[in-house]
Amino acid sequence: MRKEILCMLLISLGLGSLAPEDANAGETVTYRGVGTFVANRSTLPLANGGAAFQMANDVVATIEPSKSGVLYGDCAGLGYADAEGEYSARTFCTFAETETDGFAIDASMEPGVGGTVKIIGGSGKWAGASGDGTLEAKSADGYGGSYNYEFRITTP
């Protein structure tokens with residue numbers, strides 16, 4: 001059960017504060033940082049020995065390069081862990097640097113692959129943004145944790 005908690009906590013990112021303040025149209029900026037999250041979860045034990053889980057996270061993250069250095073996020077997702085502890089999960093998050101500048105992600109975790117991220121648009125300076133990224137767990141427990149991330153975001 002610890003693996004699936006870590007999985008959802010990790011991909012429910014809650015990233016940090018990405019901010020291509022001076023990015024030019026069509027430019028791809030790579031952002032790196034550390035996210036910290038607080039999790040709320042529900043678990044449904046299944047008859048096959050596995051479990052389905054639902055999670056929502058609030059996140060604060062550092063981000064480089066960025067003038068503000070911080071990003072705030074909300075995430076929600078679902079996952080499945082089999083009886084052997086192998087898991088998969090998918091979550092969606094929205095992150096904001098300001099009231100008008102934000103972006104959304106679609107993140108997934110698969111056994112042996114780790115966390116992968118797809119940037120699925122945004123608002124303000126990230127309107128129409130696309131890109132990808134990765135997540136790597138640093139620590140987690142049933143209440144929250146932290147992770148390293150790297151996102152490559154292309155502005156239109």
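If only residues of the range 24-43 that are in a strand (DSSP E or B) and among the charged types (D, E, K, R) are counted, the one that is farthest from Leu135 (Cα to Cα) is Arg41.
Considering (1) in contact (Cβ under 8 Å) with a residue 40 or more places away in the chain; (2) surrounded by fewer than 17 Cβ atoms within 10 Å (Cβ to Cβ); (3) in contact with a strand residue (DSSP E or B) (Cβ under 6 Å, 6 or more places away or on another chain), the lone condition that Pro156 does not fulfil carries the number (3).
Looking across Asp74, Asp106, one residue alone is within 25 Å of Ile153 (Cα to Cα), within 12 Å of the chain's Cα centre (by Cα) and in contact (Cβ under 8 Å) with a residue 60 or more places away in the chain. It is Asp74. Per the listing Ala96, Ala61, Ala81, Ala129, the residue uniquely buried (at least 17 other Cβ atoms within 10 Å of the Cβ) and at pLDDT 90 or above is Ala129.
The values are calculated or read from the model by the stated rules, or taken from the named source; none is laboratory data. As the structure is a prediction and not an experimental result, all values here were calculated from the model. For neighbour counting, all protein chains shown are included, and Cβ atoms are generated from backbone atoms with ideal geometry for every residue, glycine included.
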